[in-house]
Amino acid sequence: MLDNRQDILTLSLDEIKVFLTKTGEKAFRAKQIYEWLWKKPVNSFEKMTNLSKDLRSLLNENFIIQAVEVDDQQISKDKTIKLAFRLQDGALVEGVLIPSEDRSTACISSQVGCNLGCEFCATGKLGLMRNLSIGEIFFQVVEIMNLAREKYDLPLTNIVLMGMGEPLLNYDNVLKAMAMVSSESGLGMSPQRITLSTVGLPRMIKKLADDKVRFNLAISLHSANDKKRSSFMPVNNRNNLGELSEAIKYFNEKTGQRVTFEYLLMEGLNDSLNDAKELAEYCKQFPIKINIIEYNSTGDKRFKKSSNEAFDQFVTFLKGRNMIVNVRRSRGMDIAAACGQLAGKKK
Ligand code: SAH
Ligand code: SF4
């Protein structure tokens, strides 16, 4: 069935007002509708109980709410929950709820697949199907927030854009969705609790700085050597480490924010002492934090996680250089919910 209805989540409050006055409805209803969409979000007009039945049908005839539907959940031994979200065209993306002692984090997707082709990443193998809409991004947060409350009685405290896709290649929708997550007329979360992870696209990082974003920026570095980085991250051929560092300096100067590097340790590829030295050298250019991440298997035999000895040696070296280093051991590995394992396996 061809659906010509417009996605109401792309409309501003004023645009909803205009629609209402054109159809003879009271303009003040727009505020109520807007609250149902963004503040106490519901995924159907039927649930907007303070609106008349007529108005609800009118909305339903003209608009859709492009939300996501939970298709499947898997719970890990460590309480991590992986969700498969079904989109209205049938495509699937994944999101993860990661509860811990002091926080609960939603990891969400920004695209169906990804076309950047990082060799170690399961999502990269899918290619890109399409960008997610504002609502498809926003409602992943809403669904995970509801789940955290229902399952664990926890408020959602953090959001990371580290699921499927490259968020900076779906720039407008990601930024609008995050604006509503942090807006007082939306979910009201502090932007400091949102982290966008990017493969590192210099031009887009500069754009973030120009747009004065206030969320955290994490960059997937994985090697500070151009030749090496290009060998498993083809994006580095067009956007090399020199251009990247220039963009990071720009971002840092404009926003005053310290960027985080993510560094995935893969055996024999980027985990030697020399790799650590190159990383330390590269990091001298700007204030930085480093997250050292354990590699999660994706079934591709070329990539393996580092041995404990190599891992410890790498971390110890960086700490010895007085760098800010965090170690991120993986969660939800038994259900393939860890970073880089998300590939929408279920058909
Ligand atoms: N496209 C963005 C965000 C999604 S990927 C990016 O690349 O940053 C989120 C993080 O998972 C990235 O740091 C990515 O490098 C990492 N990742 C990819 N494959 C992984 C794997 N197999 N094990 C652990 N982390 C992986
Ligand atoms: Fe895309 Fe990020 Fe995976 Fe690279 S690591 S293929 S950019 S999702």
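Worth a mention:
- Interchain or long-range residues, amide H under 5 Å from Arg130's placed H: Val112
- Length-normalised contact order for segment 69-335 - Cα pairs under 8 Å, 6+ apart - percent: 15
- Proximal lysines to Lys319, defined as alpha-carbon separation beneath 21 angstrom and excluding residues fewer than eight positions away on the same chain: Lys277, Lys284, Lys289, Lys305
- C-alpha long axis of helix 134-152 to longest principal axis of the chain, angle in °: 80
- For segment 69-335, with all protein chains in place and a probe radius of 1.4 Å, 47% of the accessible heavy-atom surface sits on carbon or sulfur.
- Low-density loop positions, trypsin sites (Lys or Arg not before Pro), segment 59-110 - DSSP coil, at most 10 other Cβ in 10 Å: Lys77
- Solvent-accessible area of segment 6-64 (1.4 angstrom probe, protein heavy atoms only): carbon and sulfur portion equals 51 percent.
- Put Arg328, Arg214 in order of accessible area, highest first, and with a 1.4 Å probe you get Arg214, Arg328.
- When Ser197, Ser12 are compared by accessible surface with a 1.4 Å probe, the order from highest to lowest is Ser12, Ser197.
- Lysines whose Cα lies under 18 Å from that of Lys39, excluding same-chain neighbours fewer than 8 positions away: Lys17, Lys31, Lys47, Lys176
- Radius of gyration over Kirkwood radius for the chain, both on Cα atoms: the Rg/Rh ratio is 1.00.
- Here the Karplus relation 6.51 cos²θ - 1.76 cosθ + 1.60, evaluated at θ = phi - 60°, turns the backbone of segment 259-274 into coupling constants of 7, 10, 9, 9, 9, 8, 8, 10, 4, x, 9, 9, 10, 7, 4, 5 Hz, with x for every Gly and Pro.
- Amide H partners (placed H, <5 Å) of Ile290, local residues excluded: Phe261, Ile324, Val325, Asn326
- The chain - accessible surface per residue (Å², probe 1.4 Å): 46
- Between segment 137-187 and segment 1-54, the alpha-carbon center distance in angstrom: 21
- Computed with every protein chain present, the accessible area of Lys39 is close to 90 Å² [probe 1.4 Å].
- Two-site label geometry, Lys47 and Ser307: point separation in nm, points 7 Å out along Cα→Cβ: 5.2
The values are calculated or read from the model by the stated rules, or taken from the named source; none is laboratory data. Source: prediction; values computed, not measured. As a convention, Cβ positions derive from the backbone with ideal geometry for all residues, glycine included, and neighbour counts pool all protein chains shown. Calculation scope for accessible area: heavy atoms of the full protein, side chains included, ligands and nucleic acids excluded. Shrake-Rupley method; radii C 1.70, N 1.55, O 1.52, S 1.80 Å.
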